[in-house]
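The values are calculated or read from the model by the stated rules, or taken from the named source; none is laboratory data. Remember, it's a predicted structure, so these values are computed and weren't measured experimentally. Neighbour counts are summed over all protein chains in view; Cβ atoms, including those assigned to glycine, are modelled from backbone coordinates with ideal geometry. Please note that ligands, DNA and RNA were not included when accessible areas were found on the heavy atoms of the full protein model with its side chains. Shrake-Rupley method; radii C 1.70, N 1.55, O 1.52, S 1.80 Å.
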Number of protein chains: 2
Amino acid sequence: MTKKVYLSEDEIPRAWYNIMADMPNLPPPPLHPGTGQPAGPQDLAPIFPMALIEQEVTQERWVPIPDDVLNVYRIWRPSPLVRAERLEQALGAPVKIYFKNEGVSPAGSHKPNTAVPQAYYNKMAGIKRITTETGAGQWGSAISFACNLYGIECKVFMVRISFEQKPYRKLMMQTWGANCVPSPTSETNSGRKILAEDPNSPGSLGIAISEAVEAAVTDPTGQTRYSLGSVLNHVMLHQTVIGLEAKKQMEVFGDYPDVIIGCAGGGSNFAGLAFPFIQDKIEGKQIQIIAAEPTSCPTMTRGPYAYDFGDTVQMTPFLAMYTLGHTFVPAPIHAGGLRYHGMSPLVSQLVRDGLIEPRAYHNLETFRAGVTFARSEGFIPAPETNHALAAVCQVAQQAKEEGKEKTILFNWSGHGLVDLGAYDQYFAGKLTDYVLPDEEIQRALKSIEGFPKP
Amino acid sequence: MTKKVYLSEDEIPRAWYNIMADMPNLPPPPLHPGTGQPAGPQDLAPIFPMALIEQEVTQERWVPIPDDVLNVYRIWRPSPLVRAERLEQALGAPVKIYFKNEGVSPAGSHKPNTAVPQAYYNKMAGIKRITTETGAGQWGSAISFACNLYGIECKVFMVRISFEQKPYRKLMMQTWGANCVPSPTSETNSGRKILAEDPNSPGSLGIAISEAVEAAVTDPTGQTRYSLGSVLNHVMLHQTVIGLEAKKQMEVFGDYPDVIIGCAGGGSNFAGLAFPFIQDKIEGKQIQIIAAEPTSCPTMTRGPYAYDFGDTVQMTPFLAMYTLGHTFVPAPIHAGGLRYHGMSPLVSQLVRDGLIEPRAYHNLETFRAGVTFARSEGFIPAPETNHALAAVCQVAQQAKEEGKEKTILFNWSGHGLVDLGAYDQYFAGKLTDYVLPDEEIQRALKSIEGFPKP
């Protein structure tokens, strides 16, 4: 039996898939925070190069991938689609399990899929410097890798708790020539504001985004732009190479999934795998599509759907999304990439329209699932990826109880080799579950009071 | 242009290549330390299962790979052969550079190629527990991964300096269920002897081997065996899957190497790539074969060829090899896998016969080469692999000076994601070069005085 399918390099998709061409309802537009009116390209121009702004709003179904980006994709793409036979045996359920291994990239996750085109379009626009934020460091590593290939200077604001938990991430960025600092910093007004309120702030993605956006827009040379590793439409777009490859690879296996699973923080690895299959679902295919999030940061499962800021210090436009409030600081779980208060507006809309089913998982069950995977399939998953694995285990268990056969496809979004400190704490019994108290949801509702309604 | 070639899973070699069938002179046999007579299978039986002892001595050209081992190989094999176009551009020399990426295994190096069959043959022999040593941790990770798949308990003695430099390695082993301790320990007579002489001993591979062998042979249940990750003939044999795949992949590229390069500590990743090409060389092909070692542990370039012990406390048979003396404790460079006093008897013999050219490289030039690679090809190499890269840069530079075109193939033996502390020290200017003083060579000669001569 075949264990894994690679495609040849000339089977890397030549265009990204844009779900806006097919979704039943488009998400409400982003709003300018000052006027409350839809934000136009000119509002975003100080933040992003025009090519990315166009990709943010286009409704064309297929967006061509530039040759130069394809050329870089070939460093690690197509990524393998793998039959997890050993995991199936370990779970003892009537399921076939496939996973797309996005851990094979130089940065170790799916993030370079969008980091490379973002660096490319900035380079084409003459930009010399990119600022960004990172949670667990997957995104910071990826954009450092990409900026290095295009000769762009890179500055990364890394959420402090993750900076401390994952020291090797900073070293990866440094090896690729980038500068990584723990956020909040005293380098920006945003950072100083947070530090004044809480000098020991563990940081959050929302805070780090504020710092990175501020550092970009206040550069007097005008040659700095900001780069975001998730949430926005153009990021989801770039990630669809994952699902497009996976569809071809499932064909080679002669199979098709009943269930698609990805973990979701801002939504990008999940969307990358799921969107091309959601196209099939919209056309009538029966597929269950599960987005797995942590119970400590249950954006889709418990947050309201509302207009909210993408960052803590209110520098971004209003985005229509599930949100725990822009001031929310999640518990310091190790799955730093899932510690974001909001969710991709595209993913949020598809949840509202019943095409995606969000589920939340406890911290300990995610590590249990991750260790089960490492001890059967060998590769050690990232703590974020462990949330997808918890969902896989849950679906398998249910199939077992119901005596139903299921074919599961999930996104193995990244490896955990630089997150091993988390596993150490797990084995030492130092990790706990954390369920967000109801008061936090009430606080979230309060924080968005008076904002426009989607 | 194709960037990388995968083979299909049914193109994984079905047999390992045994160079003893073709080499002009066989290495002198291992000798029993007590009698000075050739060590027979019965001498090795307390240490290794009989299937591996047979592979140690067989002169059959092809040794079949068991189906179950092939089945596990499919988790990561065939590994890709990659054209390093971006590195070529960075070096600006008239060279084509290919590398075999052995970093794609779950443990991140070539080591599982032999860990898996070793665990398999021990399992078939009814062995319940394996002890081993590890330097940088690549081998310890690999055998932990393999033992876990076969349900064998695993105990790893890790050279203390590496244990401290590379904390994540222990955590990988733990994730796969193994027990890793810093060597020298006070658990064995060997360890206690070393600690009595130097309570702050940084450890060495020679010491860790002594501890692991002792822990195996003194187990009263008789169900423990020792496992070695390099040096011995059966280990070189298992690693030849690398070169066998690479030959097929070079054919797909329509190319053939002028120069083959690998780093060499005990010799296994080097031999794995080189031996199948040395077969061609013996048959008349013009190929330069370079084994790269550190100037701080210059076994082949400066050590005598002699009978010596494989371990510090004289528990192993005498092996005929290049050696810096069994009591040698190398400087604590980060390329822990290259900190071994001896060298594979097969590799040593081929050096003597002029089929392999050893070269030594300075610490700083290896990191410079590694960073050049990471910033061109993206992937971050292990410090050991950086020695191969230093040789690649040297050969490229020479080709440039001579205006000669060259095709280079090297073994990218592993990634450096759990060795990032070494890069940190390199960037911080804390690493230095270290050339072994002549007195150390004199001491080596003295330590083997009175031993049998090969």
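Would you pull out the residues with amide H under 5 Å of residue A:15's amide H, same chain only if 5 or more places away, H placed 1.01 Å from N?
Here the answer is A:65, since their amide H atoms fall under 5 Å of that of residue A:15.
Out of the DSSP beta bridges found with both residues in chain B, what percent are antiparallel (nearest 5)?
35 percent
Sort shortest first the distances from residue A:14 to its counterpart in every other copy, using label points 7 Å along the Cα-to-beta-carbon line, and give them in nm.
Once sorted, the set of distances for residue A:14 reads 3.9 nm.
Taking only C-alpha pairs under 8 Å that are 6+ residues apart, what is the relative contact order of region A:75-132 in percent?
Normalised by residue count, the contact order of region A:75-132 is 28 percent.
For the pair A and B, how large is the buried accessible area, both sides, in square angstrom to the nearest 100, if the probe is 1.4 Å?
Counting protein atoms only, the buried area is about 4000 Å².
Using the alpha-carbon atoms, what tilt in degrees (0 to 90, nearest 10) does helix B:112-124 show relative to the longest principal axis of chain B?
Value to nearest ten degrees: 40.
State the percentage of accessible surface on region A:293-401 attributable to carbon and sulfur atoms; use a 1.4 Å probe and exclude ligands, DNA and RNA.
Carbon and sulfur together cover 48 percent of it.
Using the per-residue mean of other Cβ atoms lying within 10 Å as a proxy for protection, in what order, highest first, do the peptides A:366-373, A:339-346 fall?
Put in order of decreasing packing, that is A:339-346, A:366-373.
For residue B:60, go 7 angstrom from Cα along the Cα-to-Cβ vector, then report the distances to that same point in the other copies in nm, smallest first.
Output for residue B:60: 6.1 nm, nearest copy listed first.
Return the sequence-ordered ³J(HN,Hα) values of region B:71-76 in whole Hz as given by the Karplus equation 6.51 cos²θ - 1.76 cosθ + 1.60 applied to θ = phi - 60°, using x for Gly and Pro.
Per-residue couplings from phi come out as 4, 6, 3, 5, 4, 9 Hz.
Using every pair of alpha-carbon atoms in region B:233-371, split the distances into 5 Å bins beginning at 0 and state the percent of pairs per bin, rounded to integers.
Going from the shortest bin to the longest, the percentages are 2, 10, 19, 22, 19, 15, 8, 4, 1, 0.
Shielding of B:416-422 by partners, i.e. mean partner chain Cβ atoms within 10 Å per residue?
Across B:416-422, the average partner-chain Cβ count within 10 Å equals 5.
Translational D (Stokes-Einstein, µm²/s) of the protein assembly as shown at 37 °C and 0.692 mPa s when Rh comes from the Kirkwood sum over C-alpha pairs?
Estimated via Stokes-Einstein, D reaches 117 µm²/s.
Using θ = phi - 60° and the Karplus form 6.51 cos²θ - 1.76 cosθ + 1.60, what ³J(HN,Hα) does each residue of region B:437-443 get, whole Hz, x for Gly and Pro?
Once rounded to whole Hz, the list reads x, 4, 4, 5, 5, 4, 4.
Taking R0 as 30 Å, what FRET efficiency do you get between residue B:442 and residue B:357 from their Cβ-Cβ distance, rounded to the nearest 0.05?
In this case the efficiency is close to 0.75.
Could you do me a favour and compute the accessible area per residue for region A:278-324, 1.4 Å probe, result in Å²?
For region A:278-324, the solvent-accessible area averages 27 Å² per residue.
Ranked from highest to lowest mean number of other Cβ atoms within 10 Å per residue, what is the order of the peptides A:439-451, B:52-64?
The peptides rank, most packed first, as B:52-64, A:439-451.
In nm, to one decimal, how far is the modelled label at residue B:368 from the one at residue A:200, with both set 7 Å along Cα→Cβ?
Going by the 7 Å Cα→Cβ label model, 4.7 nm.
Between Rg and the Kirkwood Rh of chain A, both from Cα atoms, what is the Rg to Rh ratio?
0.94
Against the longest principal axis of chain B, how steep is helix B:363-377, in degrees 0 to 90 to the nearest 10, with axes from Cα atoms?
The helix B:363-377 is inclined about 50 degrees to chain B.
Give me, ordered by chain and number, the residues 5 or more places off residue B:360 or on other chains with an amide H under 5 Å from its own placed amide H.
The list, which skips near neighbours in sequence, is B:293.
Residue B:281: which lysines have alpha carbons under 19 Å from its alpha carbon, excluding same-chain residues fewer than 8 sequence positions away?
B:247, B:248, B:406
Apply the Karplus curve 6.51 cos²θ - 1.76 cosθ + 1.60, θ = phi - 60°, to the phi angles in region A:156-171 and return the couplings in whole Hz, x for Gly and Pro.
After applying 6.51 cos²θ - 1.76 cosθ + 1.60, I find 10, 8, 9, 3, 4, 4, 6, 3, 7, 6, 10, x, 5, 4, 4, 5 Hz.
Evaluate peptide A:96-107: per residue, the Cβ atoms of other protein chains within 10 Å of its Cβ; return the mean as an integer.
Neighbouring Cβ atoms belonging to other protein chains average 2 per residue here.
Quantify how much of the Cα-Cα distance distribution of region B:375-454 extends past 18 Å, in percent.
Considering region B:375-454, 64 percent of its Cα-Cα pairs are separated by more than 18 Å.
For residue B:430, which lysines qualify as cross-link partners when the Cα separation must be under 23 Å and same-chain residues fewer than eight apart are set aside?
A:166, A:170, B:166
Which whole number gives the average count of other chain Cβ atoms within 10 Å of the Cβ atoms across peptide A:70-83?
Mean number of neighbouring Cβ atoms from other chains: 3.
Using 0.36 nm times the number of residues separating residue A:402 and residue A:62, minus their current alpha carbon distance, what extension gain do you get?
Using 0.36 nm per residue and subtracting the Cα-Cα distance, I get 118.4 nm.
Pairs of lysine in region B:1-144 with Cα under 20 Å and at least 8 positions apart or on different chains: total?
6
Show the residues, 5+ positions off or on another chain, whose built amide H is closer than 5 Å to the amide H of residue A:136.
Here the answer is A:336, A:337, since their amide H atoms fall under 5 Å of that of residue A:136.
Over region A:8-99, what percent of the accessible surface lies on carbon and sulfur atoms, probe 1.4 Å?
52 percent
Counting alpha carbon pairs within less than 8 Å and at least 6 residues apart, what relative contact order, in whole percent, applies to chain A?
Reported as a whole number, the value is 20 percent.
Going highest first, how would you order B:271-278, B:312-319 by mean Cβ packing within 10 Å?
Going from most to least packed, we get B:271-278, B:312-319.
Determine the per residue accessible area of region A:1-145 with all protein chains present and a 1.4 angstrom probe, expressed in square angstrom.
Averaged over the residues of region A:1-145, the accessible area is 33 Å².
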